[in-house]
Amino acid sequence: MASAPEKPLPEVGLSLFEGPDAPQESELYKCVHCGFCLQACPTYVETGLEAESPRGRIALMKAVNEGRIGITDTVMRHWDLCIQCRACEVACPSGVPYGNLIEATMQQVADRRKPGYVNGKIAKLALKRLLPNQGFLAMVVGAMRLYQRIGLQTVIRKSGLLKLLPGNMGELEDSMPELPSEVFKAQGQVYKAQGERKARVALLSGCVMPLIHGPQMDAVVRVLTRNGCEVVVTKAQACCGAINSHVGDLETTRKLARRNIDAFLADGVDYVVVASAGCGSRMKEYGHLLRNDRVYADKAAAFSAKVQDIHELLATLPIVPPRGHLPYRVTYQDSCHLSNAQRITAAPRQLLRSIPGIEFVELSNADKCCGAGGTYTITERDFSMRVLGTKINAVRETKANVIATANPGCMMQLQYGAQRDGMSVEVKYITDLLDESYSKERHGA
């Protein structure tokens with residue numbers, strides 16, 4: 001029996017997508033609309049609406065690509081509501097690279113947006129000046145830290161003034177994490193391995209994580225050195241560019257990628273280790289990001305091959321077994337860009353189970369997004385909170401007193417959810433728990 005002829009691709013010239021960053025038709029038309037992605041998608045699960053599913057969003061991309069519909073505010077709204085968790089990629093039997101498609105689509109719509117003057121200026125300042133510049137970002141976080149330390153935050157919250165702020169600004173302030181006095185700085189410092197050196201690694205410091213989770217970054221270094229890694233904290237490194245790429249600012253993302261490639265490759269390390277799942281995913285995909293760059297395409301591919309998530313690396317070294325007893329009941333939230341983009345799910349659980357005393361209990365919806373999604377928790381606050389509510393209900397069912405995770409955005413989101421719902425549960429990185437166990441071992445506890 002003769003096979004059915006392939007469906008012809010749209011005629012050249014009809015597409016409303018344009019330029020080298022347009023969604024690639026070879027990827028776009030892989031979707032056969034089978035529906036396996038539906039139950040994997042948090043926005044579809046919450047709404048039951050076809051347009052809020054990966055299949056529905058790809059259908060809109062196809063319609064725009066074929067010139068059947070325009071890039072209207074309504075169409076953009078469906079794309080904006082995507083958290084970009086990429087759970088659909090795991091569920092898809094056709095191998096549709098949805099992450100590439102939504103990233104390219106967001107780039108296409110970025111210039112078509114019509115934000116208010118003030119909102120537009122703030123967004124541009126944050127994306128092009130604040131995140132790429134660690135010095136400026138440190139000043140902003142420093143001001144926030146001072147706001148907390150001198151008691152002004154307490155006064156403002158008790159005064160009721162937050163209720164007068166426009167939009168969701170008051171709730172965003174309420175979800176601000178407590179900022180530690182210690183920050184982690186990338187100054188080209190080198191930390192020697194304990195015992196025999198197994199690897200020489202460069203550590204991504206990142207943009208937000210070293211400022212809000214400085215002590216946790218110190219724990220990352222201690223865990224790496226304890227496991228035979230010499231750690232170089234490359235001075236010339238920059239933000240990975242993940243947040244910029246999520247909102248379609250690929251120009252800035254590429255600039256940051258080139259800077260990181262030059263900085264890290266110059267160190268001559270075995271691996272570039274990343275303790276933030278979203279950053280690791282972005283950096284592992286620099287090869288795709290710079291595929292059309294004649295100068296950097298090959299270097300980007302070589303760089304991405306060196307990038308290792310910290311849990312991935314520790315599991316393959318293999319890890320020095322921790323001996324300190326931790327009396328915790330722990331559940332684990334899969335960070336989307338670790339499980340869905342990097343496909344790393346076993347290593348974090350393996351590490352948790354290696355710690356004496358920990359009672360590990362699976363989270364019923366561990367593979368579903370917590371709703372953080374980079375800037376999503378700010379730009380789509382209401383929906384982010386809906387997704388978070390579903391997640392926190394599942395955490396409550398585990399009766400865990402610790403939630404382990406692998407991404408700073410997830411940590412802040414889960415901390416807020418637990419605080420909001422009055423739950424007595426701590427949120428920790430897996431590396432925090434390993435460091436705590438090693439510390440108890442050193443002190444004979």
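The values are calculated or read from the model by the stated rules, or taken from the named source; none is laboratory data. What you are looking at is a predicted structure, and each value in this text was computed from that prediction instead of being measured. When we count neighbours, we look across all protein chains shown, and the Cβ atoms used for this are built from the backbone with ideal geometry, even at glycine.
See the values below:
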item: Residue ID - surrounded by the most Cβ atoms within 10 Å (Cβ to Cβ), chosen from residues in the range 187-208 that are over 20 Å from the mean Cα position of the chain (by Cα) and aliphatic (A, V, I, L, M); result: Val201
item: Thr225 being buried (at least 22 other Cβ atoms within 10 Å of the Cβ), in contact (Cβ under 8 Å) with a residue 24 or more places away in the chain, outside the structural domain of Ala404 (by TED's automatic domain parsing) and hydroxyl-bearing (Ser, Thr, Tyr); result: no
item: Hits in the range 244-255 - residues which are surrounded by fewer than 24 Cβ atoms within 10 Å (Cβ to Cβ) and closer than 12 Å to Arg282 by Cβ; result: His246, Leu250, Arg254
item: Criterion violated by Asn340 - all others in (1) more than 30 Å from Arg77 (Cβ to Cβ); (2) touching a residue at least 60 places away in the same chain (Cβ under 8 Å); (3) not aliphatic (A, V, I, L, M) satisfied; result: (1)
item: Where a residue in the range 23-35 is touching a residue at least 60 places away in the same chain (Cβ under 8 Å) and its partner, wherever it lies, is of a type in the set (A, V, I, L, M) and part of a loop (DSSP other than H, G, I, E, B), with Cβ under 6 Å and at least six apart; result: Lys30/Val96; Cys31/Val96
item: Helices (runs of 4 or more DSSP H) contained entirely in the range 12-66, each with at least 1 residues that are over 25 Å from the mean Cα position of the chain (by Cα) and of a type outside the set (Lys, Arg); result: 25-28, 54-65
item: Condition check for Leu211: crowded, with 21+ Cβ neighbours inside 10 Å, touching a residue at least 60 places away in the same chain (Cβ under 8 Å) and touching a strand residue (DSSP E or B) at 6+ places or on another chain (Cβ under 6 Å); result: no
item: Residue among Ile58, Ile69, Ile83 that is surrounded by fewer than 18 Cβ atoms within 10 Å (Cβ to Cβ), touching a helix residue (DSSP H, G or I) at 6+ places or on another chain (Cβ under 7 Å) and not assigned by TED's automatic domain parsing to the domain that holds Thr377; result: Ile69
item: Helices (runs of 4 or more DSSP H) fully within the range 232-316 counting 3 or more residues that are of a type in the set (Gly, Ala, Ser) and under 16 Å from Asn407 (Cα atoms); result: 277-284
item: Residue pairs meeting the criteria (Cβ under 9 Å; at least 6 apart or on separate chains; first in a helix (DSSP H, G or I), in the range 126-149; second crowded, with 17+ Cβ neighbours inside 10 Å and modelled with pLDDT under 80); result: Phe136/Leu130; Leu137/Leu130; Leu137/Leu131; Val140/Leu130
